[in-house]
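Peer 1: One structure coming up, written as structure tokens, with questions to follow.
The values are calculated or read from the model by the stated rules, or taken from the named source; none is laboratory data. Predicted model only: the values in this text are computed from it and were never measured. Positions of Cβ are generated from backbone atoms using ideal geometry, with glycine treated the same way; all protein chains shown enter the neighbour counts. Note: areas computed on protein heavy atoms with side chains; ligands, DNA, RNA excluded. Shrake-Rupley method; radii C 1.70, N 1.55, O 1.52, S 1.80 Å.
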Amino acid sequence: MSKAGKHLEACELLEKLATLSPHNPLIWNDLGVQYEAAGEMDKALDALRRSHQADSTYPPALYNLGKFTLDRFIGFHKAGLAAKEEVQGMLIEAIDLLNANLDRDPDNADGHYQLALAYGLNQDERMALAHMTVALRLRQTFEAPSPWRIERAP
């Protein structure tokens with residue numbers, strides 16, 4: 001069975017759990033992560049929005065919603081598929097969500113890294129550098145995020 005198939009199986013289980021506990025942000029957050037892993041980005045964002053509705057202060061949902069919104073912004077921006085105002089709105093939303101995550105989880109190195117990327121894309125070099133510095137400090141044993149990871153031969 002493919003990885004996407006396993007993620008879809010997890011989605012089915014999480015959907016049942018969400019029916020039993022519709023106000024549980026953890027379930028909705030996990031469902032969003034599984035949908036994203038299965039390549040179902042629209043469903044992932046819907047589930048993460050439900051998590052945010054259930055608890056607007058839940059740090060994992062704020063982080064994932066911010067990260068996935070940033071990922072979507074990057075995809076639309078690269079493809080030239082969205083009007084500039086629409087694309088800019090996604091970027092601002094991602095920045096707001098990631099900042100909200102860090103308000104509640106200030107030691108989230110990945111949150112600082114994602115926010116550094118977002119600020120860089122927003123042409124705010126000062127804030128990008130500040131958050132990248134914090135991300136690096138928090139990752140004392142720094143492992144570069146996947147876009148920078150270099151696979152070494154055994």
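Peer 1: Semi-axes of the stretch 45-115's equivalent ellipsoid from the Cα gyration tensor, sqrt of 5 times each eigenvalue, largest first, rounded to whole Å?
Peer 2: The three semi-axes for the stretch 45-115 are 22, 14, 9 Å.
Peer 1: Still on this structure: Which pairs in the list LYS6/LYS43; LYS6/LYS67; LYS43/LYS84 are over 20 Å apart, alpha-carbon to alpha-carbon?
Peer 2: In this structure, LYS6/LYS67; LYS43/LYS84 exceed 20 Å between Cα atoms.
Peer 1: Roll a 1.4 Å probe over the protein heavy atoms and report the accessible area of GLU86 in Å², nearest 10.
Peer 2: 100 Å²
Peer 1: Evaluate the charge dipole of the chain about its Cα centre and quote only its size in Debye, nearest 20, assuming +1 on the Cβ of each Lys and Arg and -1 on the Cβ of each Asp and Glu.
Peer 2: That gives the chain a dipole magnitude of about 340 debye.
Peer 1: Report which label in (1) -0.96, -1.06, -1.21; (2) -0.83, -0.89, -1.03; (3) -0.93, -0.99, -1.10 holds the value of log10 I(q)/I(0) by the Debye sum over Cα atoms at q = 0.16, 0.17, 0.19 Å⁻¹ derived from the coordinates of this structure.
Peer 2: Checking each listed value against the structure points to (1).
Peer 1: Testing the spin-label approximation: label points 7 Å from Cα along Cα→Cβ at LEU13 and ARG104. State their distance in nm.
Peer 2: Roughly 2.5 nm, to one decimal.
Peer 1: Right, another one. Going by alpha carbons, how many degrees (0 to 90, nearest 10) lie between the helix axis of 59-79 and the longest principal axis of the chain?
Peer 2: 70 degrees
Peer 1: Which distance in nm do the two modelled labels at GLN140 and MET41 give, with both placed 7 Å along the Cα-to-Cβ direction?
Peer 2: It works out to 3.7 nm between the two label points.
Peer 1: Of the options TYR58, GLY5, GLY89, report the single residue whose Cα projects farthest towards the positive end of the charge dipole of the chain (beta-carbon charges: Lys, Arg +1; Asp, Glu -1).
Peer 2: Positive-most Cα among the choices belongs to GLY5.
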